[in-house]
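Novice: Encoded as structure tokens, here's the structure I'll be asking about.
The values are calculated or read from the model by the stated rules, or taken from the named source; none is laboratory data. Computed from a predicted model, the values in this text were never measured in an experiment. Please note: Cβ atoms are built from the backbone with ideal geometry, for glycine as well, and neighbour counts cover all protein chains shown. Each accessible area value is taken on the protein alone, full model and side chains, heavy atoms only, with ligands, DNA and RNA left out. Shrake-Rupley method; radii C 1.70, N 1.55, O 1.52, S 1.80 Å.
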Amino acid sequence: MKSLFQVNLGGILKVLSDNLYSHKEVFVRELLQNAVDAIKARGHHEQFEAHIKVDYYDDDTNRGLVITDNGIGLTEDKVSEFLSKIGASSKSQQALEETRNDFIGQFGIGLLSCFMVSDEIVVHSKSAKADYMVKWVGNIEGTYQTETIANTDRETGTQVVLKLRNNIDFDQEKLVLLLNLYGQYLGIPIEVEVNSQHHTTIQGSFPWDNKAGSDHVLNFGREMFQENFSNFLYIRDSSGKTNGIAYIVPHPTHFGTTQSNRVYIKNMFITAHAQHLLPEWAFFVKVIINSENLSPTASREEIYHNDTYENVREDLGNAIKEYLIDLSKTSPQSLEHIIKVHGHALKYMSLSDPEFLSFIANWFSFSTTEGVLTLQEIKKRVQTAFYISDVDEFRQIVPIAKAQDKLVINAGYVYDTQILEALSHLDRDQQYQAIDTEYFGNILKSLNIEEFDRHKSRLDALQDYLLKFDCELEIRQFVPDNIPAIFHLSERKMMARDIEQIKKDSNDLWAGISSAVFEPSVSFRSKLFLNFNNSIVQKLLRKPQEKMERPLIETLYINAMLMGHYPLNQQELEAMNENLTYILDQSF
């Protein structure tokens, strides 16, 4: 024997309230959606002047709403189909779905949301296809009554009457706020009455629909996002069914910032917090769109993620890229300002788009030994762009590079090294070369053979003091003279030092693991380049002082490390303290 499920309407409403809808006020949106869909359905059959009226009544005993539209209306059969059968799946419902691509809501489920604020829903509906009116009364207990009224002079359309519960926080100000939020851009005038007296009319249009001027568009963005924008672009997807405006955020934003984009679907407000509508790199942009091809989720408070959604997302990202490219031709000053504010975001974006990188790279700014320069300015000055990927190494060679009249880029900041590495494969007109401190040490002027032979024995003696630090000593001539030495520690050598420290501080197990994953090599020793032009180095080479030369060469070594912002290990810290103590003792 077949039986019907017993439906607890109160339980269903709790599911709607707790899991589907984020707040009770969505009933206003659901009623507007039903009204708009009914008007569109009637518009498929005849031309007429559409309107929606919302009357808020409040007397000493009752508060409520009366929402009236002049849409297609419902016959008795349709009332039974859409209002009295929760979750129905009939041929009528399927037929409606096939013809309602421009509709927003769902007739039955949307009306149920009214039970979150009212114990009773009264519907009066006059179909354009019938000569009678249907009255339907639904109750929170799960019962309903249907009545037909013949020979009525009521115009075609539907009226919904709600009596609000006493514990519902709702008044005319909140009503107008919600009607503006959900209904301002529906394209249908909404007449608002309070106790049957005209209060206001709500109707507006999107700026992209009427080709509004720049000031109006910027003011529109400030009102929507509470940001003082100065740059914007019109955007649309490849189908032409999603249109809107993208605003460039006027202040620096961080990668990973939560996106908050405003979305309307078929002119109905859906969300002000669409987080993934744009590609990740576009976190410096805020958009407001109206879409005919995106779909809302069941709650109609978020966007359904499907293939269409992904296509729209990609199209909007491409529109932003094309805008930046166009700016370089029409308003380079504006592009410079945008890149100055959002350089990190644009650099990140370009790494995944070689074509875009080739275009925009010239506008990127880099810190160099000659100040902050754009890549375009750098390319005008040098044929080969040298860059150092470590900020501390860059700082160490700045005075030497300047003295050698060599322009070097500090590529130690986020994305800069990746950008320059990518350009080395894309830019055929410019060479890019990664260097380090050792490179400078090797290109600096060497001593002539006679000079080197004269000091070789002293250099060998000084080298012996640095063996315990696994450091190779070399001598060069460079300016400025007041720098006695520069130090270079390769990444591999730095790793070896860290592993060695881990082994000293760890138990046998971790020490064994460290040795297994990394094996140091003598070919990656650190280097100390002494400056032959420096007076301290000259004295150290000319006058052997057995008691002082070890503290002096070790102090030069540690000083050069500190100049390069290299961390000292325990051995070097102890040497520094011992040498300073010894020098002080000799002075007193």
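Novice: For the range 251-270, give me each residue that is within 17 Å of the chain's Cα centre (by Cα) and open to solvent by 10 Å² or more (accessible area, probe 1.4 Å).
Specialist: His251, Pro252, Thr253, His254, Phe255, Gly256, Thr257, Thr258, Gln259, Ser260, Arg262
Novice: So, one more: Of Lys40, Lys14, Lys24, which residue is surrounded by 16 or more Cβ atoms within 10 Å (Cβ to Cβ), of a type in the set (Lys, Arg), at pLDDT below 90 and within 40 Å of the chain's Cα centre (by Cα)?
Specialist: Only one candidate passes the filter, namely Lys24.
Novice: Which residues, taken from the range 193-218, are open to solvent by less than 80 Å² (accessible area, probe 1.4 Å) and part of a helix (DSSP H, G or I)?
Specialist: Residues satisfying the conditions are Ser214, Val217, Leu218.
Novice: Could you please let me know if Asp460 is surrounded by fewer than 17 Cβ atoms within 10 Å (Cβ to Cβ), out of contact with any strand residue (DSSP E or B) (no Cβ under 6 Å at 6 or more places or on another chain) and of a type in the set (Asp, Glu)?
Specialist: Criteria met by Asp460.
Novice: Quick one: which helices (runs of 4 or more DSSP H) sit completely within the range 383-501 and have at least 2 residues that are over 35 Å from the mean Cα position of the chain (by Cα) and of a type outside the set (Asp, Glu)?
Specialist: So the answer is 391-403, 437-443, 449-466.
Novice: Let me ask something else. Could you tell me whether Gly204 is touching a residue at least 60 places away in the same chain (Cβ under 8 Å), over 25 Å from the mean Cα position of the chain (by Cα) and over 14 Å from Ile288 (Cα atoms)?
Specialist: Here the answer is no, as Gly204 does not meet what is asked.
Novice: Pick out the one residue from Arg154, Arg222, Arg236 that is over 25 Å from Phe27 (Cβ atoms), without any contact (Cβ under 8 Å) to a residue 40 or more places away in the chain and surrounded by fewer than 18 Cβ atoms within 10 Å (Cβ to Cβ).
Specialist: Arg222
Novice: Pairs under 9 Å by beta carbon, first residue farther than 22 Å from Phe394 by Cα in the range 535-562, partner outside any helix (DSSP H, G or I) and acidic (Asp, Glu), six or more apart or different chains?
Specialist: Going by the 9 Å Cβ cut-off, the qualifying pairs are Ser535/Asp481.
Novice: Another one. Could you list, in sequence order, the residues of the range 527-557 that are open to solvent by less than 80 Å² (accessible area, probe 1.4 Å), in contact with a Pro (Cβ under 7 Å, 6 or more places away or on another chain) and either assigned to a helix (DSSP H, G or I) or among the β-branched types (Val, Ile, Thr) (or both)?
Specialist: Val537, Leu556
Novice: Related question: What residue, among those in the range 293-317 that are among the acidic types (Asp, Glu) and over 25 Å from Phe27 (Cβ atoms), is nearest to the chain's Cα centre (by Cα)?
Specialist: The qualifying residue nearest to the chain's Cα centre (by Cα) is Glu314.
Novice: Checking the conditions here, which among Glu81, Glu46 is open to solvent by 10 Å² or more (accessible area, probe 1.4 Å), assigned to a loop (DSSP other than H, G, I, E, B) and at pLDDT 60 or above?
Specialist: Glu46
Novice: Could you please let me know if Arg262 is in contact with a helix residue (DSSP H, G or I) (Cβ under 7 Å, 6 or more places away or on another chain), under 30 Å from Gln333 (Cα atoms) and without any contact (Cβ under 8 Å) to a residue 40 or more places away in the chain?
Specialist: Here the answer is yes, as Arg262 does meet what is asked.
Novice: Considering only the range 424-439, state which residues are farther than 26 Å from Arg476 by Cα and either in contact (Cβ under 8 Å) with a residue 12 or more places away in the chain or open to solvent by less than 70 Å² (accessible area, probe 1.4 Å) (or both).
Specialist: Ser424, Leu426, Asp427, Asp429, Gln430, Gln431
Novice: Considering (1) in contact with an Asp or Glu (Cβ under 7 Å, 6 or more places away or on another chain); (2) surrounded by 12 or more Cβ atoms within 10 Å (Cβ to Cβ), say which one Ile248 fails and leave the rest.
Specialist: Every condition holds for Ile248 apart from (1).
Novice: Now, a different point. So which residues in the range 373-382 are in a helix (DSSP H, G or I) and touching a residue at least 12 places away in the same chain (Cβ under 8 Å), if there are any at all?
Specialist: Within the range 373-382, Leu375, Gln376, Ile378, Lys379, Arg381 qualify.
Novice: Among the residues of the range 545-557, are any modelled with pLDDT under 90 and farther than 16 Å from Asp464 by Cβ?
Specialist: No, there is no match, as no residue in the range 545-557 is modelled with pLDDT under 90 and farther than 16 Å from Asp464 by Cβ.
Novice: Select from the range 294-336 the residues that are at pLDDT 90 or above, assigned to a helix (DSSP H, G or I) and open to solvent by 40 Å² or more (accessible area, probe 1.4 Å) and list them in ascending order.
Specialist: Asp307, Thr308, Glu310, Asn311, Arg313, Glu314, Asn318, Glu322, Asp326, Thr330, listed by residue number.
Novice: Find the residue count for the range 472-509, including only residues that are modelled with pLDDT of 90 or more and among the acidic types (Asp, Glu).
Specialist: Here the count works out to 3.
Novice: In the range 340-375, what count of residues is obtained for those that are open to solvent by less than 30 Å² (accessible area, probe 1.4 Å), farther than 29 Å from Gln396 by Cβ and of a type in the set (A, V, I, L, M, F, W, C)?
Specialist: Residues in the range 340-375 being open to solvent by less than 30 Å² (accessible area, probe 1.4 Å), farther than 29 Å from Gln396 by Cβ and of a type in the set (A, V, I, L, M, F, W, C): 6 in total.
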